[in-house]
Amino acid sequence: MHFLIGIIGLVIVLALSFLISNDRKKIRYAPILVMLGLQFLLGFILLRTTVGTTIVSSLAGGFDALLDFANSGVEFVFGGIANKGSFPFFLNVLMPIIFISAIIGILRYIKILPLFMKGIGLALSKVNGMGKLESYNGIASAILGQSEVFISIKKELPALSEQRLTTMGISAMSTVSMSIVGSYMALIQPRYVITALVLNLFGGFLIASIINPYQLEDDELVIEEDKEQTFFQMLGEYILDGFHVAVTVAAMLIGFVALIAMINFIFAKITGLTFQELLGYVFAPLAFITGIPWNEAVDAGSLMATKLVTNEFVAMTELAKGNWDFSARTTAIVSVFLVSFANFSSIGIISGAMKGLNEEKGNLIAKHGLKILLSASLVSFLSAIITGLIF
C-alpha cells in the first residue's frame with residue numbers, strides 16, 4: 001500500500017512543479033528522467049548498502065577540522081563572551097564563514113577552485129542538461145553551504161541573469177553544508193544524512209529544470225581571474241567579504257526569526273494554536289503522500305512544519321529526543337526530509353549573502369524568495385518520497 005501512495009506522491013510533486021513552472025514549453029524531459037533514475041539508483045545504494053558512508057564521514061571530519069581552526073580565531077577575538085556550554089549561533093555558525101571565505105580565496109588564487117568549477121560544471125551539465133555554472137553551484141552548495149557558495153562565484157555574479165540566479169538559489173536552499181554534516185550525524189543516523197545529500201543534489205536540479213526552465217545561448221564557464229593582486233591583498237579581500245556576508249546574514253536572520261515569532265504569537269492568541277502547530281495539521285496529508293502511515297502522519301507533519309518555520313536543527317533535535325513512536329521507515333523518511341536548508345529563514349540567509357556581495361543580485365534573489373523556498377521544499381518532499389519507496 002505504501003508503495004502505491006509513494007508513487008502517487010511522486011506524481012503529485014512533479015505535477016505541482018509543472019503547475020508553477022515559469023515556461024512549460026521549455027522543459028526538457030530527457031535530463032529529468034535521467035536524474036530521477038539516478039536518484040533511485042543512488043538512493044538504493046546508500047540505503048541498502050554501506051557504500052559512501054566512510055567517504056562522506058571522512059569529508060565531514062575534514063570540515064570539522066577546518067571549523068576547529070576557525071574557532072581558534074573566533075575564540076581569540078570573542079573568547080569569554082559566550083557562556084560555558086552554550087552554542088551562540090553568531091559565533092559558532094556565522095563567524096567561521098570568515099575563515100571558510102579565506103580558504104576559498106586561497107583555492108581560487110592558486111587556480112585549484114577554477115579548475116574544480118570547470119570540471120564539475122562540465123561533468124554535471126552533461127547529466128542534468130543545465131549550465132556549467134549552475135551545475136558547479138549545486139555541488140559547491142553541498143560542500144560550502146548556502147551563503148559561502150556565493151563567495152566562490154562572486155566574480156561571476158554581475159553577468160548572471162535573473163533565471164540563472166533563481167536556479168542557483170534553489171540549489172543552495174535544497175542542500176546542506178558539509179561543514180555541519182557532523183552535527184546532523186550526531187542527531188540522526190549518518191546514512192540518512194548521506195542519502196539526503198545525494199538525493200537533494202539531483203533533486204534540486206530536477207525541480208529547477210521543471211519550475212525554472214531556460215536555454216542558454218552561451219554556456220561558457222568563464223572564471224574571472226584575480227588581476228593585479230598580491231596574495232595578501234587577495235586574502236584581505238576575501239576575509240572582509242566573509243565578514244560582510246556573516247554580518248549581513250545575521251541581520252537578515254534576526255529580522256526573519258523575529259517576524260516568525262510574532263506570527264506564532266498572533267496565531268496563538270487568535271486560534272489557540274501557533275502558526276507552527278497549525279502547519280503540522282496542514283503537513284499531515286503531505287507527510288502521508290511520502291509513504292508515512294496516517295497514524296504517524298500528524299506527528300511527522302509537525303516535525304516537517306517545525307523545520308520549515310524554524311530550521312532543520314530544531315526539528316532534528318525534536319526527532320532525536322525519541323518521544324515519537326515512529327517506525328524505522330517513517331524515521332528514515334522524516335530524517336531525509338529534514339536534511340536541507342529549506343525554511344523561511346533561509347530566504348534571509350541567501351538574499352543576505354547575495355546582498356553582501358552584490359546588492360542588485362541580492363534584490364533579485366529576494367524577489368523570488370518564496371518561489372525558491374517552495375521549490376526547495378518540493379525537493380525535500382521528492383527525496384523523502386524516494387526514500388519511502390526504496391526503504
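May I ask you to list the residues in the stretch 324-336 that are more than 16 Å from P190 (Cβ to Cβ) and buried (at least 23 other Cβ atoms within 10 Å of the Cβ)? Steps first, answer last, please.
Just the residues of the stretch 324-336 that are more than 16 Å from P190 (Cβ to Cβ), to begin with: 324-327, 329-330, 333.
Matches in the stretch 324-336: T330, I333.
Those helices (runs of 4 or more DSSP H) of the stretch 323-381 in which at least 2 residues are without any contact (Cβ under 8 Å) to a residue 60 or more places away in the chain, considering only elements entirely within it, cover 328-338, 359-367. Checking each residue in the stretch 262-276 for being open to solvent by 50 Å² or more (accessible area, probe 1.4 Å) and either under 22 Å from the mean Cα position of the chain (by Cα) or closer than 17 Å to I347 by Cα (or both) picks out only I263. Looking across the stretch 344-355, the residues that are among the polar types (S, T, N, Q) and surrounded by 24 or more Cβ atoms within 10 Å (Cβ to Cβ) come down to S346, S351. Can you confirm whether A196 is farther than 21 Å from G61 by Cα and open to solvent by less than 10 Å² (accessible area, probe 1.4 Å)? The answer is no for A196. Condition check: closer than 25 Å to I27 by Cα and open to solvent by less than 20 Å² (accessible area, probe 1.4 Å). Does G105 satisfy that? For G105, the condition - closer than 25 Å to I27 by Cα and open to solvent by less than 20 Å² (accessible area, probe 1.4 Å) - is not met.
Return the residues of the stretch 138-177 that are part of a helix (DSSP H, G or I), open to solvent by 20 Å² or more (accessible area, probe 1.4 Å), touching a residue at least 24 places away in the same chain (Cβ under 8 Å) and more than 23 Å from G62 (Cα to Cα); say none if nothing qualifies. Once the filter is applied, which keeps residues that are part of a helix (DSSP H, G or I), open to solvent by 20 Å² or more (accessible area, probe 1.4 Å), touching a residue at least 24 places away in the same chain (Cβ under 8 Å) and more than 23 Å from G62 (Cα to Cα), the stretch 138-177 yields P158, E162, Q163, R164.
May I ask you to say which residue of L259, L279 is within 22 Å of the chain's Cα centre (by Cα) and open to solvent by 60 Å² or more (accessible area, probe 1.4 Å)? From the options L259, L279, the qualifying one is L259.
Of all the residues in the stretch 26-81, those that are open to solvent by less than 70 Å² (accessible area, probe 1.4 Å), closer than 30 Å to I211 by Cβ and not in a helix (DSSP H, G or I) number 2.
The values are calculated or read from the model by the stated rules, or taken from the named source; none is laboratory data. Since the structure is predicted, the reported quantities are computational estimates derived from the model, not experimental observations. Every residue, glycine as well, gets a Cβ built from its backbone with ideal geometry; the counts of neighbours run over all protein chains shown. Please note that ligands, DNA and RNA were not included when accessible areas were found on the heavy atoms of the full protein model with its side chains. Shrake-Rupley method; radii C 1.70, N 1.55, O 1.52, S 1.80 Å.
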